[in-house]
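Throughout, read-outs are computed from the coordinates displayed, never taken from laboratory work. Just so it is clear, the structure is predicted and the values come from calculations on it, not from any experiment. So basically every Cβ, Gly included, is an ideal-geometry build from the backbone, and we count neighbours across all protein chains shown.
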């Protein structure tokens, strides 16, 4: 009954904690949302990476950074409100305490200021340095490797290190059951960062010291500053332990408190000896959760800004501030964006550069794709800078107008593409109809795919699309000769704002698109179906090398030349499904596996004489078709990633029926 009264007295905390847990479960389970989308820890790592490298880690955006800054502001001005009210791991730790009490399990107490307490508190600072250093040097969020929340939210399928995730989850669940908030007190790097920020004045002075040293020519590298930050935070937490510069705190009416029941200390998640701090609780671990206030039987505790006056007006202040900071961070983060990369190259003195903005490049979606885009632009004459914003798929390019212009640059950005919607049956039709439409805002290589998926959802007999650069863009549409589609239909399809596609496990995923229909060209044309299938087919070809040995020497040649004096054959397995992307992605692994075998000359994916996709393996003695079938149907393939890295891996493809063999004929 006493516990129910305590919960009722501190209902804002429990309401927030349960709301956050339910929201996370809902977003991850039903909305398939990124579990790290609002993570302040990831945001602060992203900010440090941006400050040290001028780039953001993959998948990070300004939203996470603003949530991280909101957390930092909350800690500096108030306390560890995120830890008390919003953190899902903290909520689980609190539930474990209640479970322990319900089942009568005896806990373990690690006394504050004991040797064990000092040593364990160092762990989270070591992790803090390791995580931030690893993230900033790799441009990848290293915390995902060991974050127990991320591992569970992704079903252990995210960017994790399995052993790290299992260890961290065990620390949360097992040790958290026996020791009050074990993860939060001793392991959580965000807890280390929050505790350090409570001592913001010494940290500010340390920053000024590093700045002064730089003025004298001592350019201290950022890892040293990060290390000094962690060391200072640990020293202040362990040897000072009191954060005095925060306006809001738990206040103690010493006249009422008899210090005999210690209900406040028993209720505190960190086991803080509340009355020992006098009129104002300045413990570094205090997070204004209100548990001590709710548990006090004589009402001697309250949350406020001074030691006198009424306390009721401030009772729910921490919960309100926690919500307000989260909302402010989300709003500001959605309205601003930092560049993922901001690179310049080849700039010479006297150049007067212009800039151009290109929106809707959906293939620019992370740090890696940003760097790949930058590598392409470096080869374009006159382009000297690339800035990418992956959240909005936007790039800003700096160029020399004396060398190039926006139209020429757009031609270089554009990648001609084709997209197959359905595969027509060559036995049922002999030709394909082609019409042409003009569009805008479709210069990314992914845009044609999205338009093709919109057309697929319509159910019309449209077989494929092909794009060609022009302004407006040219899109050729290939369809059944019997299909009649007019300009009105194309405008409706092209300008749909959402692409809805089913996802694995049920439900749909909505992708926003923003294409513009310009016009439909007059007239139509026809082409033979075999010509169409060849045009739209994505083949694969790999040719291998071998050593040609003579009486007096040996040399590396193409295997077709090594076996030029022997009869050569083609082993073919045909299947319409070989056009599917999942099959094509496996072909390089099959090729790698076969390439080590003597007598295998090449492997390809082609349309055979019957216009059916076929895997064709060219070989000569001592290889045989029986041996090829044996190699292809092995449960394990031998894959060579490098001379020092050869692995046995599960076969990527399954073959049901042996193929056919016929003599190879030089074309």
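Computed quantities for the displayed model
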quantity	calculated
Per-peptide average of other Cβ atoms within 10 Å, ordering 286-292, 656-662 highest first	286-292, 656-662
Percentage relative contact order, the chain, counting C-alpha pairs under 8 Å, at least six apart	10 percent
Gain on full stretching of the segment that runs from residue 666 to residue 474 - 0.36 nm per residue minus C-alpha separation	65.3 nm
Packing rank of 102-110, 193-201, where each peptide gets the mean count of other beta carbons within 10 Å, highest leading	193-201, 102-110
Per-peptide average of other Cβ atoms within 10 Å, ordering 63-70, 116-123 highest first	63-70, 116-123
Label zone at residue 178, where the point sits 7 Å out along the Cα-to-Cβ direction: the range 102-144 residues whose backbone N lies under 19 Å	102-112, 114-121, 123
Helix-derived mean residue ellipticity, 222 nm - over the chain, DSSP H n ≥ 4, -39500 (n - 2.57), to 500	-12000 deg cm²/dmol
Between helix 581-595 and the chain: long-axis angle, C-alpha atoms, 0 to 90°, nearest 10	70 degrees
The range 418-535: C-alpha gyration tensor shape, a/c 1.5 cut-off, then a/b vs b/c	oblate
Cα gyration tensor category, rounded, prolate or oblate, for the range 293-434 with a/c compared to 1.5	oblate
Length gained when the stretch residue 352-residue 584 is fully extended (0.36 nm per residue, less Cα-Cα span)	78.9 nm
Kirkwood Rh (inverse of mean 1/r, distinct Cα pairs), the chain, angstrom	30.3 Å
Degrees separating the helix 200-215 axis from the principal Cα axis of the chain, which is the longest one	60 degrees
Rounded D (µm²/s) - the range 356-445, Kirkwood Rh over Cα pairs, Stokes-Einstein at 20 °C, 1.002 mPa s	140 µm²/s
Using alpha-carbon coordinates, inclination of helix 222-235 to the longest axis of the chain, degrees	30 degrees
Gyration tensor (Cα) of the range 2-317, equivalent ellipsoid semi-axes in angstrom	32, 25, 18
Cα gyration tensor shape of the range 514-667, rounded if a/c is under 1.5, else prolate or oblate by comparing a/b with b/c	prolate
Efficiency of FRET between residue 423 and residue 511 - r from beta-carbon atoms, R0 25 angstrom, step 0.05	0.55
